[in-house]
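See below for the structure under consideration.
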Amino acid sequence: MKSGIELSVKDICQITKGNLICSEKEELLIRDILVDSRKLIQAEGTAFFALIGSRNDGHKYISELYSRGVRCFVISRNIPNFKEMPKAQFIHVKNTLQALQTLCAYHRKQFDFPIIGITGSNGKTIIKEWLYQLLHKDHHIVRSPKSYNSQIGVPLSVWQINKENTLGIFEAGISEPDEMDRLEAILKPNIGIFTNIGQAHDKNFINTAQKIGEKLKLFRSAEIFIFCSDYSEIMAKVIGTEIFKKMKVFSWGKKDNDDLIILSKSIEKNTLVKAIFKEETVSIEIPFTDEASIENAIHCWALMLCLGYKHEIIQERISRLNPIAMRLEFKEGINNCSIINDSYNSDFKSLAIALDFMNQQSKHIKKTIILSDILQSGLNENDLYEDVAKLLEAKGIQKLIGIGPAISRQCKQFECDKSFFNTTEEFIQSFPVSQIRNQTILLKGARIFEFEQIDKFLQKKSHETVLEIHLNNLVNNLNTYRSIIKPSTKIMAMVKAFSYGCGSFEIANILQYHNIDYLTVAYVDEGVDLRKAGISTPIMVMNPDPLGFENIIKYQLEPEIYNFRTLSLLEKSIEQANLPSNKAVKIHIKIDTGMHRLGFLAEEVPELIKRLERNDMIYIQSIFSHLAASEDKEMDSFTFSQIKTFETITNSIQDRFKHPILRHILNSAGISRFPGYHFDMVRLGVGLYGIVPEEGIKGKLKAISCLKTTISQIKVLKAGETVGYNRKGKINTTTPIAILPIGYADGINRQLGNGNFHVSINGIKAPTIGNICMDMMMVDLTGIDAKEGDKVKIFNKEISLEEMAEKQNTIPYEILTGISRRVKRVYFYE
């Protein structure tokens with residue numbers, strides 16, 4: 001994150017009360033703050049804060065960053081090899097996170113323009129972005145990028161403040177008591193908005209009243225406070241809190257004493273809200289109809305009233321509010337391309353974030369950006385695009401397609417392969433799509449340029465059924481399991497079977513980015529595909545076929561060896577490959593402790609040891625086994641007997657070899673149920689994908705996938721008519737039905753037809769009617785207001801995979817892995 005002000009290393013040392021350690025006398029000036037080594041843009045003028053988290057330690061990346069040119073490091077631990085970095089300047093502090101917060105609090109104090117602080121359970125980011133849309137004509141605004149509202153995100157956001165700004169809009173979120181004290185010290189907002197209160201993070205607070213009280217701490221120094229009185233618990237806390245008696249409190253809601261009294265909401269294509277303000281009837285038209293958007297827009301209305309805006313201006317600006325993309329979309333494009341769509345807003349800070357996400361994708365070497373003019377930046381055109389050009393170069397972008405008159409005028413600033421168009425329409429009509437092939441393409445455009453047209457133009461065409469994959473939920477699940485194992489315990493993630501139907505590369509790539517220790521595939525071809533797509537993480541192959549050992553060696557995959565036949569095939573392949581003596585093939589030995597699938601039996605282990613001792617070109621990386629009933633409490637005695645057998649056998653093998661050998665036996669259910677037997681590594685499968693294998697972890701995992709389709713046709717049938725094959729769907733009274741473009745060829749089991757299952761349409765359950773067809777299914781629309789083209793949810797939060805599996809007498813794994821490849825996968829990342 002870059003600031004418009006420079007501070008010397010000595011200044012930062014004094015502000016953070018640190019101890020300066022360096023042999024270099026040069027005075028370094030700092031403009032940028034870095035907390036994630038993967039997001040370095042420009043080394044010169046950057047200070048790296050080595051933050052320590054529950055699963056990672058920034059101190060590990062100091063040597064790497066030094067080699068890339070970073071010279072200032074804020075540390076809290078001793079650096080044993082600091083003498084090998086003679087030009088580095090270290091600031092040693094007690095706590096690097098507190099030092100970051102202290103520095104940014106100091107930075108905030110250098111400016112006296114108004115700051116709007118937003119907190120609450122939901123809507124913070126939407127309100128922040130809408131306020132930017134509403135107020136940017138009158139102010140040079142600095143605001144939080146995306147959802148930067150945490151203990152790290154808030155200071156990084158504040159660090160962006162510079163001398164040109166005239167208004168700041170920042171959001172702040174907490175997950176436990178006392179966190180808001182630190183954020184308030186950094187932000188010091190003049191104006192506060194409390195959006196609402198919900199159930200997020202409830203488990204960390206005694207009750208809702210305590211959570212509200214903690215959030216309200218953000219507004220200790222505020223002059224104006226805005227909230228909705230319809231939330232009675234917030235209302236009660238505000239009335240009972242002394243600080244709000246000393247400031248202007250603006251409430252809106254249905255109460256007679258509210259400052260903005262809401263009279264009615266009329267919903268058609270848009271929403272017309274009528275209210276009373278200062279004894280006058282006023283109204284606004286909101287271009288949305290959902291309750292959350294209406295509430296968020298009224299908060300914005302209330303703030304504009306507090307700032308003294310005229311009703312005519314408020315009405316005109318709110319009627320033109322644009323939707324906010326809360327997440328990046330990642331999908332398949334034409335000509336084997338990948339498309340990242342982030343085209344709802346375009347500013348420099350969000351561009352840097354989108355480019356970081358783009359660089360996480362290693363499937364394609366070539367990276368292209370389609371970028372529109374950046375509007376309302378506050379910078380003159382020449383300086384703005386000079387900064388953009390530097391950013392694109394630093395992020396390794398090979399091709400730029402610029403759309404808009406301003407970026408076209410600045411074409412000479414860019415050194416990469418480039419082409420420019422004045423409008424989106426001109427690009428679509430004249431750009432030869434054959435030039436776009438085997439690359440990742442980022443769409444980053446201001447709303448006015450309608451980049452959704454480009455998104456459709458470049459998307460791989462497929463039918464209207466999609467499987468949405470939410471990568472943030474995948475990361476949440478990974479971190480949930482990380483929180484219950486020791487930091488020294490490794491995690492092996494299952495990405496076999498197309499990552500349980502969720503997409504092999506895309507899942508492997510995000511796991512690699514988040515430092516997974518191992519990936520596991522079922523077959524050699526799966527591992528080869530991941531290697532070709534740029535995945536470098538160690539990969540175990542569970543079922544190495546006889547013809548695949550050559551590729552195992554070639555692509556540095558690690559086979560599971562489960563019997564003497566596979567061992568002999570590997571030995572033969574190693575001999576034929578004539579490998580150098582320092583390139584031994586790593587293997588994973590499977591032991592059968594009672595599952596009685598693949599694996600060596602106990603009586604075979606002595607002979608196995610002899611064979612392995614004779615071959616220096618085979619290196620035992622791990623020994624593992626599989627529990628037969630880890631999730632079944634009634635089978636725990638058998639599970640413990642398996643674990644005991646495993647310990648006995650692995651001890652006998654480890655005793656015969658000098659190097660450390662990893663041991664692992666626990667799957668997703670076992671990780672939470674048997675914490676005493678994590679050994680050196682655990683294997684994470686369905687839990688990673690949000691399928692809860694064990695009650696103890698329920699509520700902490702999030703489903704990562706949602707299967708959606710659309711209504712192709714609606715028709716009304718009369719009594720006596722039938723629906724579908726074999727006339728199984730009987731119509732007893734006049735009934736509207738919807739035909740959906742999804743069937744058993746897409747993974748919908750035929751057992752779910754004839755009323756045995758339901759889908760969700762506009763939040764209402766619609767039961768199936770008639771037999772499931774190969775490409776279609778029919779549902780009963782009785783009591784549902786729907787139209788052709790409406791979205792239909794097959795499974796998601798409302799209809800769980802577990803519920804769907806129960807209806808067809810199977811397990812969630814089978815449903816996920818059975819979703820056809822012809823169903824398009826779309827990936828979201830916030």
| Expressed as a rounded percentage, what relative contact order does region 693-830 have, with Cα pairs under 8 Å and six or more residues apart? | 26
| task | Before anything else, pin down the relative contact order of the chain: Cα pairs under 8 Å, at least 6 apart, normalised by residue count, whole percent. | result | 8
| query | How large, in percent, is the carbon and sulfur part of the accessible surface of region 295-370 at a probe radius of 1.4 Å? | reply | 49
| If you roll a 1.4 Å probe over region 697-830 with all protein chains in place, what percent of the accessible area is carbon or sulfur? | 47
| Carbon and sulfur atoms: what percent of the 1.4 Å accessible area of region 141-278 do they account for? | 49
| message | Quick check on packing: order 533-543, 403-413 by the mean number of other C-beta atoms within 10 Å, highest mean leading. | response | 533-543, 403-413
| remark: Ignoring ligands and nucleic acids, R683 exposes an accessible area, probe 1.4 Å, in Å² to the nearest 10, of 20
| Largest first, how would R821, R656, R31 line up by accessible area (1.4 Å probe)? | R821, R656, R31
| note | Among GluC sites (Glu not before Pro) in region 348-449, those in a DSSP loop whose Cβ has at most 15 other Cβ atoms within 10 Å are E415
| remark: Taking R0 as 60 Å and r as the Cβ-Cβ distance between N257 and E386, the FRET efficiency 1/(1 + (r/R0)^6), rounded to the nearest 0.05, comes to 0.65
| note | Given pairs K496/K730; K163/K412; K215/K708; K700/K807; K10/K349; K265/K444 and cut-off 31 Å on Cα-Cα distance, the over-length ones are K496/K730; K215/K708; K265/K444
| query | Percent of alpha carbon pairs in region 564-718 separated by more than 18 Å? | reply | 66
| task | Could you pull the Cα extents of region 1-117 along its three principal axes, largest to smallest, in whole Å? | result | 46, 35, 27
| Histogram of C-alpha separations across region 442-486, 10 Å bin width, % | 19, 26, 28, 17, 8
| said: At 1.4 Å probe size, what's the solvent-accessible area of C306? Round to the nearest 10 Å². | reply: 20
| request: Whole Å is fine, so just give me how far the alpha carbon centre of region 487-548 lies from that of region 708-748. | output: 40
| said: From zero outward in steps of 5 Å, how is the percent of C-alpha pairs of region 173-309 spread across the bins? | reply: 2, 10, 19, 21, 20, 14, 9, 5, 1
| Cleavage-rule hits (GluC sites (Glu not before Pro)) in region 23-62: DSSP loop, at most 10 neighbouring Cβ within 10 angstrom | E26, E27
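Quick one: net charge of F170's neighbours, Cβ under 13 Å, K/R +1, D/E -1?
+4
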| said: Order 478-490, 763-775, 87-99 from most to least packed using the mean count of other Cβ atoms within 10 Å. | reply: 87-99, 763-775, 478-490
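Dipole size in debye (nearest 20) for region 693-830 around its Cα centre, Lys and Arg Cβ +1, Asp and Glu Cβ -1?
Roughly 300 debye, rounded to the nearest 20.
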| message | Probe radius 1.4 Å, ligands and nucleic acids left out: which of D746, D11 has the largest accessible area, and how do the rest follow? | response | D11, D746
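Quick check on region 632-686: take the gyration tensor over C-alpha atoms, sort the square-rooted eigenvalues as a ≥ b ≥ c, and tell me if it's rounded (a/c under 1.5), prolate or oblate. If you can, show how the numbers build up before the last one.
Numbers: a/c = 3.25, a/b = 1.58, b/c = 2.05.
Taking the square roots of the gyration eigenvalues as a ≥ b ≥ c, region 632-686 is oblate.
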| Per residue accessible area in Å² of region 179-308, where ligands, DNA and RNA are left out and the probe is 1.4 Å | 47
| Toward the positive end of the charge dipole of region 264-377, about the Cα centre and with charges on Cβ (Lys, Arg +1; Asp, Glu -1), which of W301, S377, I284 goes farthest? | S377
| query | Per residue, how many Å² of accessible area does region 9-149 show with a 1.4 Å probe? | reply | 46
| request: Over region 497-554, average the accessible area per residue using a 1.4 Å probe and give it in Å², no decimals. | output: 34
| task | Starting with the highest mean, order 579-592, 665-678 by the number of other Cβ atoms within 10 Å, averaged over the residues of each peptide. | result | 665-678, 579-592
| query | Assigning unit charges at the beta carbon (Lys, Arg +1; Asp, Glu -1) and nothing else, what dipole magnitude in debye, to the nearest 20, does the chain show about its Cα centre? | reply | 660
| request: Provide the percentage of antiparallel DSSP beta bridges, counting only those with both residues in the chain; round to the nearest 5. | output: 40
| Can you give the FRET efficiency for E393 and D36, using 1/(1 + (r/R0)^6), R0 = 22 Å, r = Cβ-Cβ distance, to the nearest 0.05? | 0.65
| Too long at a 29 Å Cα-Cα cut-off: which of K590/K797; K787/K824; K146/K363; K128/K399? | K590/K797; K128/K399
| message | Rolling a 1.4 angstrom probe over the protein chains, ignoring ligands and nucleic acids, what is the accessible area of H311 in square angstrom, nearest 10? | response | 50
| said: Loop only by DSSP, 13 or fewer other Cβ within 10 Å of the Cβ. Give me the trypsin sites (Lys or Arg not before Pro) in region 135-243 that pass, ordered by residue number. | reply: K137, K163
| message | Pairs of alpha-carbon atoms within less than 8 angstrom and 6+ residues apart define the contacts here; what relative contact order does region 137-207 have, in percent? | response | 31
| message | Roughly how far apart, in whole Å, are the Cα centres of region 601-642 and region 220-258? | response | 63
| For region 718-784, what does the alpha-carbon gyration tensor say about shape, rounded, prolate or oblate, given a ≥ b ≥ c as the root eigenvalues, a/c under 1.5 as rounded, and a/b over b/c as prolate? | oblate
| request: With just the Cα atoms of region 480-608, tell me how far they stretch along each of the three principal axes, in Å, largest first. | output: 40, 34, 30
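The values are calculated or read from the model by the stated rules, or taken from the named source; none is laboratory data. Note that this is a predicted model, so its numbers are computed, not measured. Neighbour counts run over all protein chains shown; Cβ positions are idealised from the backbone, glycine included. Note: accessible area is taken over every heavy atom of the protein model, side chains too, but ligands, DNA and RNA are not part of it. Shrake-Rupley method; radii C 1.70, N 1.55, O 1.52, S 1.80 Å.
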